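The values are calculated or read from the model by the stated rules, or taken from the named source; none is laboratory data. Fair warning: this is a prediction, and the values are worked out from it, not measured in the lab. Here the Cβ positions follow ideal geometry from the backbone for every residue, glycine too, while neighbour counts run over all protein chains shown. What goes into the accessible areas is simple: the full protein's heavy atoms, side chains included, and nothing from ligands, DNA or RNA. Shrake-Rupley method; radii C 1.70, N 1.55, O 1.52, S 1.80 Å.
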Amino acid sequence: MKARNPQLNRHGELIHLLSTEGLPRDILLHILDTAQQFVGVNAREVKKVPLLRGKSVFNLFFENSTRTRTTFEIAATRLSADVFNLDIARSSTAKGETLLDTIANLSAMAADIFVVRHSESGAPYLIAQHVAPHVHVINAGDGRHAHPTQGLLDAYTIRHYKGDFTRLSVAIVGDVLHSRVARSDIHALTTLGCPDVRVVGPRTLVPADLAQLGVRVCHDLQEGIRDCDVVIALRLQNERMSGALLPSSQEYFKSFGLTPERLQWAKPDAIVMHPGPVNRGVEIDSAVVDGPRSVVLPQVTFGIAVRMAVMGIIAGNEA
């Protein structure tokens, strides 16, 4: 008997968002379609809807983040939720309390949604297993494992600019080895029907087993982005690297940095994406970041709508 996906209830409805892996295509599309409805809220004079009025959203960021935490906070506020940002550096976990004890105590404060970023892969899954049936967990990034809302906002951005996934070539370039975003992008894009997903980077930064996920592995930038519709540049995650995986960031840029000249290998109307924060002159040239093909800033805007959609959907479903 196949085990039930811990993200879904017995009716197949989304109750936690832990990974894009294993989520059915119809649920991914439901999130993207719902986000499309929320994009317009950002343009209103009063940027609020009452969907989560009376609900409490706790942002638990055990790893540093500005962009992700802020967009979750904005998204929850625009849904009229009460939002609580915990200072983890001064929290009880820093004093020796276990993760689950911390969650139990916060649950006693009537939490409805936990947004969790953690350096340990699997931490949001552990929390989801131990919360009450009415409490929902959203993974805001765990170790090298997953960053599902980033994967979803990337998918939303691609659909916004390119339409039908089933005709697209997408290249993910950079430090795939340490990237939870790359994994979430791959699972989302392949499930949504993208026929050509490529991962591009030096051999030391691209896991050998990625081909098992249905992607094409390239170690040459020209081959990897040739005739692509979408190029997603990834940050070199030096904080997660151990050992000499690269000679230097300058050497990386010489071989894999996105420049206007190299971008000509992609299709003339190709878009360039980046999950941020951007390291200019390392994985991408400033002329590309600020150029006409870049959709880096719209990604951030769409991210608010996608996170609104996720919270709105899971809050409406019972375990």
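Write down the percent of antiparallel bridges among all DSSP beta bridges whose residues are both part of segment 141-273, to the nearest 5.
5 percent
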Return the FRET efficiency for the residue pair S121, Q264: r is the Cβ-Cβ distance, R0 is 41 Å, and the value is rounded to the nearest 0.05. 0.60
Just to confirm my numbers, what's the Cα centroid distance between segment 164-209 and segment 32-82 in Å? 27 Å
Which residues make up the longest stretch of the chain clear of trypsin sites (Lys or Arg not before Pro) that lie in a DSSP loop with no more than 13 other Cβ atoms within 10 Å, not counting the sites? 54-319
Percent of Cα-Cα distances greater than 23 Å, calculated over segment 34-129: 30 percent
Run the helix sum for the chain: -39,500 (n - 2.57) per DSSP H stretch of 4+ residues, divided by residue count, reported at 222 nm to the nearest 500 deg cm²/dmol. -10500 deg cm²/dmol
Computed magnitude of the charge dipole of the chain (debye, nearest 20; Cβ of K, R +1, Cβ of D, E -1): 300 debye
Taking every DSSP bridge whose two residues both lie in the chain, the antiparallel percent to the nearest 5 is 5 percent
If you work out mean projected area of the Cα convex hull in nm² from the coordinates, which of [x] 17.9; [y] 27.5; [z] 16.7 do you get? [z]
Can you give the alpha-carbon Rg of segment 5-51 over 2.2 N^0.38 Å, where N counts its residues? 1.42
GluC sites (Glu not before Pro) in segment 1-54 lying in a DSSP loop, each with at most 15 other Cβ atoms within 10 Å of its Cβ, come to E45
With a 1.4 Å probe and all protein chains left in place, how much accessible area per residue does the chain have, in Å²? 44 Å²
Scan the chain and note any complete DSSP helix (H) whose C-alpha atoms cover at least 15 Å along its axis and whose Kyte-Doolittle average is -1.0 or more. 25-39, 67-78, 148-162, 180-191, 296-315
Taking placed amide H atoms and a strict 5 Å upper bound, the residues 5 or more places from S121 or on another chain that come that close are G143, R144
Applying the gyration tensor rule to the Cα atoms of segment 164-311 (axes a ≥ b ≥ c; rounded if a/c under 1.5, else prolate if a/b exceeds b/c, else oblate), the class is rounded
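Extension gain T204-L86, at 0.36 nm per residue separation less the Cα-Cα distance, in nm?
38.8 nm
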For segment 198-240, rounded, prolate or oblate, judged on the Cα gyration tensor with a ≥ b ≥ c (square roots of eigenvalues), a/c < 1.5 rounded, else prolate if a/b > b/c? oblate
